Amino acid sequence: MSSPGARLRHLMTNAMVVAPFVYDGFTALIAEGQGAQAVYMTGHGTSAQIGLPDVGLASLAEMAGNLGYIANAVAIPVIADADTGYGNAINAQRTVREYETAGAAAMHLEDQVFPKRCGFFEGKKCVPMAEHVQKIRAALDARADPDLVIIARTDAVAPNGWDDAIRRAEAYRQAGADMVFVDGIKTADDLDIYTRRLVEQGIPCLYNGQLSPTGEIAARGFKIMITGGGHALSYAAVRQALLALKQDGGGEGRDLERFNAMTDLLGLPEIYELERRYAPISKT
């Protein structure tokens, strides 16, 4: 049986992989059920799940634990946010081992100063490029499976400008990163620069966002697109449902069909079948 990383690499040889955001095993199951080829464990969503903003407060143990739940829930590859690696190059090596054990197919390490911030937040700062080059080299040396995809992320566009971001992306790729990821792409001009100066130069790249439809991003030559905002949609849906409950008191049985669909997705029919199979056999 091939490893998660090998399966992801195989998918990338055929077409761009679209990996929707998920933040737990349940949302990963929903994505898989809708035909997703892979899923992306978002750090923003994982932080939200434990009631925190994405500013470096979620620990390695919490992130790796959540990754394990997601990877165990689905059969498709999981691409995971590994923040800054939770320390220096040595810490990054432990992060790689923990993520690989948890079942990651791919993981990205960013060059922000710790505590980091979500790629679309204000106030980001980057460590020296040479420091992150060594962190990438350390991460590559730590993986047991050479097919685990190590993605080098740079957040340099906002604080330092595109020229520095390009230098960093090229240096990380030269250090051996399987792919690079420039985060914080907010405008069509940013996307054009990303495409022209990195993707079209033959460097495998990941895109995070929804500036263009998936078909257009694929046509640009990106290898992976992470997208979807699943936790934002969950926020809107749950808030609206609770608002309706507050306004009219809800209704008994109103959500029974959804409840049954959810429990089916979670595997309750299979549990019933196993209970029948392994029920004690009475002797008369």
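I need the peptides 162-168, 272-278 ranked by packing, meaning the mean over residues of other C-beta atoms within 10 angstrom, with the highest value on top. Intermediate values should be presented prior to the final figure.
Working: 162-168: 18.3, 272-278: 9.1.
Ranking, from highest mean packing down: 162-168, 272-278.
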Notebook entry, point to check: Given VAL78, ASN66, GLN134, which one lies farthest toward the positive end of the charge dipole of the chain, if we put +1 on the Cβ of every Lys and Arg and -1 on the Cβ of every Asp and Glu?
Noted result: GLN134
Notebook entry, point to check: Can you tell which of ASP155, ASP255, ASP192 shows the greatest fluctuation in a Gaussian network model of the chain with Cα springs below 10 Å?
Noted result: ASP255
Margin query: Between (1) 60, 22, 19; (2) 35, 23, 18; (3) 44, 21, 14, which entry matches semi-axes √(5λ) of the Cα gyration tensor in Å as derived from the coordinates of this structure?
Written below: (2)
Next item on the list: Please compute the Cα-Cα pair-distance distribution of the range 29-177 with 5 Å bins starting at 0, giving whole percents from short to long.
Entry: 2, 10, 20, 22, 21, 15, 8, 3, 0
Notebook entry, point to check: How big is the gap, in Å, between the Cα center of the range 176-212 and the Cα center of the range 109-126?
Noted result: 17
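Taking every DSSP beta bridge with both residues inside the chain, roughly what % is antiparallel (nearest 5)? Walk me through the numbers before you get to the answer.
On the way: 1 of 27 bridges.
Looking only at bridges with both residues in the chain, the antiparallel portion is about 5 percent.
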Next item on the list: Obtain the nm distance between the two label points defined at ILE50 and ILE281 by a simple spin-label model: each point lies 7 Å from its Cα along the Cα-to-C-beta direction.
Entry: 4.7
Item checked: Within the chain, helix-based [θ] at 222 nm, where runs of 4 or more DSSP H residues each add -39,500 (n - 2.57), nearest 500 -> -15000 deg cm²/dmol
Next item on the list: Compute the distance in nm between two label points, each set 7 Å from the Cα along the Cα-to-Cβ direction, one at VAL238 and one at LEU274.
Entry: 2.6
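What ranking do HIS108, HIS10, HIS44 get, fewest neighbouring Cβ atoms within 10 angstrom at the top?
On the way: HIS108 27, HIS10 12, HIS44 21.
By the 10 Å Cβ count, ascending, the order reads HIS10, HIS44, HIS108.
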Checklist line | J(HN,Hα) series, the range 147-160, from Karplus relation 6.51 cos²θ - 1.76 cosθ + 1.60, nearest Hz, glycine and proline x | finding: 7, 4, 8, 9, 10, 8, 9, 10, 10, 6, 4, 5, x, 10
Notebook entry, point to check: What is the set of long-range amide H partners of VAL127 at a cut-off below 5 Å, with H atoms built 1.01 Å from backbone N?
Noted result: GLN112, VAL113
Check: What nm value, rounded to one decimal, do you get for the distance between ASP145 and ALA130 when each label is placed 7 Å out toward the C-beta?
Finding: 3.5
Check: If packing is taken as the mean number of other Cβ atoms within 10 Å per residue, what is the order of 201-211, 172-182, highest first?
Finding: 172-182, 201-211
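Bear in mind that the values in this text are calculations on the coordinates, not laboratory data. Because the structure is predicted, anything quoted here is derived from the model rather than measured. Cβ atoms come from the backbone with ideal geometry, glycine included; neighbour counts cover every protein chain shown.
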